[in-house]
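The values are calculated or read from the model by the stated rules, or taken from the named source; none is laboratory data. As the structure is a computational prediction, the values presented were derived from the model and not from experiment. Because the Cβ atoms are built from the backbone with ideal geometry, glycine has one as well, and the counts that use them run over all protein chains shown. Please note that ligands, DNA and RNA were not included when accessible areas were found on the heavy atoms of the full protein model with its side chains. Shrake-Rupley method; radii C 1.70, N 1.55, O 1.52, S 1.80 Å.
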Amino acid sequence: MSNMLSIGISGLNAAQVALSTVSNNIANASTAGYSEQSVSQVESITQGNGQYTTGSGVNVVAVQRAYSQYLTSAVWSSNSSLQGATTTQGLTSTLNSLLSNSGNLQTSLDNFYGGFSSVANSPSSSSTREATLGDATSLASVYNTLGQQLSQQSTQINTQISGTVTSINNLATQIATLNGQIGQASVSGTPNSLLDQRDNLVQQLAGLTGMSTAT
């Protein structure tokens, strides 16, 4: 009777762990970085009396998360490429906007060099010389405006870089803390939630640093 009770209890305990795991999966369905977990069970060592053996119930040996090193590395690489492309696109759009709003540089250059050609052809014409001076003034204005705008963009980029460096340092600090916690928790089992949190932070770090492979 005691053996029957222990087998039944082992089944109930395994079912409780499985239900808790399913409940946790449902609760974290929308949690960023969460990996689905599953219960790994094995049959308990059977007992025999020399003529036959009887089952001894079931044991839960682990609660594992759905994890692939290859897929994780692919996500990090894709996130890194996406962030790089997004940054490049943003800087390019800003630069194009600056060039279009600072005046037509090509037209100003064409007018300036055309004015010199006109002066060369009519060196004694005061109106031609005055028109060339006007073209030179316009070109200088375009360059000054463009220089000021590029200087502002440079300041903004430096500010962004400073903010990115701060974010990288913060993420690195959090990852280092999690590594310590994972090392301690691994003594008594696999710390799935801590591993998920670390992977999520590393993914963010990959987007900022260009890291593309798992280490």
Please name all residue pairs, on different chains or six or more residues apart, with Cβ atoms under 9 Å, provided the first residue is in region 8-30 and is over 17 Å from Val60 (Cα atoms) and the second residue is assigned to a helix (DSSP H, G or I) and open to solvent by less than 40 Å² (accessible area, probe 1.4 Å).
Asn28/Asp196
Condition check: within 21 Å of Ser6 (Cβ to Cβ) and surrounded by 11 or more Cβ atoms within 10 Å (Cβ to Cβ). Does Thr46 satisfy that?
yes
Restricting region 187-201 to residues that are among the polar types (S, T, N, Q) and either touching a strand residue (DSSP E or B) at 6+ places or on another chain (Cβ under 7 Å) or open to solvent by less than 60 Å² (accessible area, probe 1.4 Å) (or both), the residue that is farthest from Gln37 (Cα to Cα)
Asn200
Go through Thr155, Thr137 for me and flag whichever is assigned to a helix (DSSP H, G or I), open to solvent by 60 Å² or more (accessible area, probe 1.4 Å) and under 21 Å from Leu91 (Cβ atoms).
Thr155
When you scan region 164-171, do you find a residue that is surrounded by 16 or more Cβ atoms within 10 Å (Cβ to Cβ) and more than 23 Å from Ser38 (Cα to Cα), even just one?
yes
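When the residues of region 29-38 are narrowed to those that are part of a loop (DSSP other than H, G, I, E, B) and touching a strand residue (DSSP E or B) at 6+ places or on another chain (Cβ under 9 Å), which ends up surrounded by the fewest Cβ atoms within 10 Å (Cβ to Cβ)? Quick ask: steps written out before the conclusion?
Taking region 29-38 and keeping what is part of a loop (DSSP other than H, G, I, E, B), we get 29-36.
Those left that are additionally touching a strand residue (DSSP E or B) at 6+ places or on another chain (Cβ under 9 Å): 34-36.
Details: Tyr34: 20, Ser35: 19, Glu36: 15.
Checking each candidate, the answer is Glu36.
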